[in-house]
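We did not get these values from a lab; they are worked out from the coordinates using the rules stated. As the structure is a prediction and not an experimental result, all values here were calculated from the model. Backbone-built Cβ (ideal geometry, glycine too); neighbour counts: all protein chains shown.
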Amino acid sequence: MKFHSLRFKINTAILLTCFVIAIFFSVIFYPFETNRRQSRLERIQLLLSTIYEQRKEEIANEIFADQKEALAQSLKEIQEVKDIAEVSIYDIAGRLLLSTNKNLKDSLRPSEQIILKKTPLVAKTIRKGDSFVEFSSIIEIIGERVGYFKMYFDLAEMERESFYYIMFSLTVMFSVLLITVVLLNFLLSKSLIQPAHKLRDAIRKVKLGQMGEQVSLSSMDEIGEIATDFNEMSTKLNEQHVKLVNAIEAKDTYADKIKKTNEKLEKLNYTLEDMVVERTKELTTSYEQLKKEIRERQRADKEKKGLEERLARSQKMEALGLLAGGVAHDLNNVLSGIVSYPDLILMDLKEEDPLREPVETIKDSGHKAAAIVQDLLTLARRGVTNTQVLDFNNDIISEYLRSPEHEKLRTYYPHIQIDTHLEADLMNIKGSPVHLKKTLMNLVSNAAESQPSGGKVAISTRNQYIDSPVKGYDHVQEGDYIVLKIEDNGAGIAQEDLNRIFEPFYTKKIMGRSGTGLGMAVVWGTVQDHHGYIQVESTEGKGTAIELYFPITREGAKKETAHMPIESYKGSGELILVVDDVKEQRKIATHILTKLGYTATSAASGEEAIEYIKENPVDMIVLDMIMDPGIDGLDTYKEIIKISSGQKAIIASGFAENERVTEAQRLGAGQYIKKPYTLEKIGLAIKHELSK
């Protein structure tokens with residue numbers, strides 16, 4: 001076989017292709033095998049970590065209680081897990097306490113102790129020529145370090161499995177390549193080499209002048225097509241030879257014509273160049289105009305996208321708020337007994353009665369649960385029942401800084417420095433002090449929690465006039481505002497999380513350990529209820545600044561009224577009708593009214609109350625606004641005043657005042673009180689209405 005022959009080249013190409021395939025297979029197989037081994041190591045590491053997490057408390061307790069037999073049994077049970085070769089326990093000084101390896105005498109090196117104090121160690125290691133995965137960690141109990149834990153996982157089985165897998169794969173690959181080489185060589189020889197030799201011989205004859213030489217091949221592939229084309233070429237060569245001789249004779253004539261044509265083309269070229277320059281100027285002008293239109297369109301699209309995002313965010317919060325409002329309404333009904341009954345029970349208990357303390361605990365727990373419901377109502381934007389004129393610096397910030405909640409925060413984060421920068425002549429606002437204090441508390445708590453190792457939280461206020469809308473997280477509209485700014489230098493908020501920080505229960509903290517997950521949602525709801533705006537700026541690793549904009553008021557602040565003694569709002573046997581669709585609510589209200597010295601009865605629906613009024617005149621009605629099924633409080637009151645004109649009534653509900661409450665009051669109903677009932681709340685409202 002000659003080195004320059006077609007057969008040699010084809011065979012060489014086949015071998016090179018097989019070689020490249022083998023290399024490609026190896027390149028693909030090696031990372032796969034590496035990833036497979038790495039995945040197996042990760043599963044082993046997860047297994048060791050899981051075993052340790054499951055047994056660490058038990059081992060810590062056994063070390064702490066010096067229960068060596070129990071500790072030895074625990075190590076034995078761990079070693080029974082497949083391929084775990086050795087488990088050892090060291091005391092806090094690094095001395096060996098117990099090991100499943102009887103020959104082990106060494107203590108932990110100081111460098112190992114230092115590493116394990118920071119983080120558990122999982123690493124592959126070689127011991128006496130064999131491969132192992134080593135897992136080491138410090139052992140703690142109630143925050144106190146009591147020793148070190150170490151175990152080894154034998155990798156021998158994994159190494160054998162990997163070796164057998166590689167050998168099998170190589171054997172299969174080389175067998176397939178060998179069969180492929182033999183088959184390709186046979187097929188190419190039959191279909192390519194032999195026809196090529198025939199074509200070569202025919203071409204040599206044509207080269208020697210035999211123009212009419214023909215090749216006989218019956219194949220229908222490309223070689224057959226080449227043979228057919230060769231036969232046609234051979235046939236036409238004679239014809240072309242004759243034409244060529246005639247063309248040479250006419251060459252001079254055609255040369256003159258070509259020269260004249262070239263001169264015309266040169267003149268035309270100059271004209272085309274001038275036209276191209278002019279057209280280029282026109283296209284440049286159009287291009288600049290198009291770029292300007294594109295920039296304007298992009299700016300409009302960006303503004304549209306921002307509006308759509310804010311609308312979607314607002315709609316999402318409204319939907320979540322609607323859900324929260326429904327849940328809060330039901331919880332208010334459930335909590336009424338927990339909040340109201342302790343007051344009634346305490347009235348019947350003596351000061352030295354041992355039941356007073358647990359009943360007061362129940363009362364406090366009920367009020368705490370009611371505070372959570374208040375958060376849900378704020379989220380539902382149904383929590384602000386009334387507003388008053390406030391000096392934000394004194395009524396909100398100063399009150400919060402003196403509150404038990406702030407003192408509790410300072411005990412949790414003693415290294416946090418609170419700085420205040422309050423504008424001296426800050427304008428008043430109109431709002432709910434309860435909700436605004438809760439908003440301030442949530443923002444300061446979040447700022448402190450973002451700096452567990454210590455830092456600074458800055459609280460500042462200022463007057464701000466906005467003369468044109470300010471774009472940001474919210475679009476702040478033109479007007480006079482006071483601005484509350486809470487700034488920290490903590491961990492910051494990731495850019496992808498900024499648009500979700502005000503969603504209920506969306507938090508990076510551990511739920512149940514750091515609040516209810518409603519903190520920032522309450523902030524959002526409170527700001528919306530006060531017709532304000534929010535601006536948020538945050539950089540990861542540098543800190544966060546949140547600004548709340550509240551519209552100012554020109555009204556002056558009013559003085560608070562003191563709590564009144566119970567004797568001042570007790571009754572004198574007046575007949576009170578309680579109308580409520582919830583049995584527990586009727587029972588609580590009638591019980592409270594009886595304790596206050598009234599004669600109380602109840603009706604389970606608006607229709608039942610109307611029938612009762614027809615036969616029995618009453619001094620006062622306590623009317624639930626939301627009742628289902630049947631008519632609600634407003635429709636009930638409309639029918640009652642047809643029967644008893646000027647009938648006195650007070651309105652009760654778990655939600656905030658709405659248009660239907662206002663309509664009932666316009667028809668003659670008295671005060672609105674918010675559930676759950678308390679002695680003072682319902683007593684003062686009834687006393688006030690009866691005194692009219």
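What percent do you get for the relative contact order of the range 567-690 when only Cα pairs under 8 Å and 6+ apart count? Let's see the in-between values first.
On the way: 222 pairs, mean separation 30.1, N = 124.
The value is 24 percent.
Placing unit charges on C-beta atoms (Lys and Arg positive, Asp and Glu negative, everything else neutral), compute the dipole magnitude of the range 94-156 about its Cα centre in debye, rounded to 20.
Roughly 180 debye, rounded to the nearest 20.
Give the long-range amide H neighbours of Asn428: residues separated by 5 or more places, or on another chain, with amide H under 5 Å away, using H modelled in the peptide plane at 1.01 Å from N.
Under 5 Å from the amide H of Asn428 lie the amide H atoms of Thr553, each far enough along the sequence or on another chain.
If you find the alpha carbon centre of the range 384-419 and of the range 120-164, how far apart are they in angstrom?
51 Å
Taking amide H atoms as placed 1.01 Å from N in the peptide plane, list the residues 5 or more away in sequence, or in a different chain, whose amide H sits under 5 Å from that of Gly571.
Gly597, Tyr598
Name the trypsin sites (Lys or Arg not before Pro) in the range 1-101 that are in a loop by DSSP and that have at most 16 other C-beta atoms within 10 Å, would you?
Lys2, Lys82, Arg95
What's the exposure ranking of Met427, Met151, going from fewest to most Cβ atoms within 10 Å?
Met427, Met151
Points 7 angstrom from Cα along the Cβ direction at Ala22 and Lys68: gap in nanometres?
Calculated label separation equals 6.2 nm.
Which whole-Hz ³J(HN,Hα) couplings does the range 127-143 yield from phi under the Karplus relation 6.51 cos²θ - 1.76 cosθ + 1.60, θ = phi - 60°, glycine and proline marked x?
Coupling constants for the range 127-143: 10, 6, x, 10, 8, 9, 9, 9, 10, 9, 7, 7, 10, 10, 9, 6, x Hz.
What order, most packed first, do the peptides 620-632, 578-590 have when packing is the mean number of other Cβ atoms within 10 Å of each residue?
578-590, 620-632
Suppose R0 equals 60 Å. What FRET efficiency, 1/(1 + (r/R0)^6) with r the Cβ-Cβ distance, do Lys198 and Glu42 give to the nearest 0.05?
The calculated FRET efficiency here is 0.45.
Pop out the ³J(HN,Hα) list for the range 260-266 in order, Karplus 6.51 cos²θ - 1.76 cosθ + 1.60 with θ = phi - 60°, rounded to Hz; leave Gly and Pro as x.
For the range 260-266, the Karplus-derived couplings read 5, 5, 4, 4, 5, 5, 5 Hz, x marking Gly and Pro.
Quick one: which residues, 5 or more positions from Ile139 or on another chain, have an amide H under 5 Å from its amide H? H modelled 1.01 Å from N in the peptide plane, none for Pro or chain starts.
Close amide H contacts, sequence-distant or interchain: Val146, Gly147, Tyr148, Phe149.
In nm², what is the average projected area of the convex hull enclosing the Cα atoms of the range 567-690?
Orientation-averaged projected area of the Cα hull: 6.5 nm².
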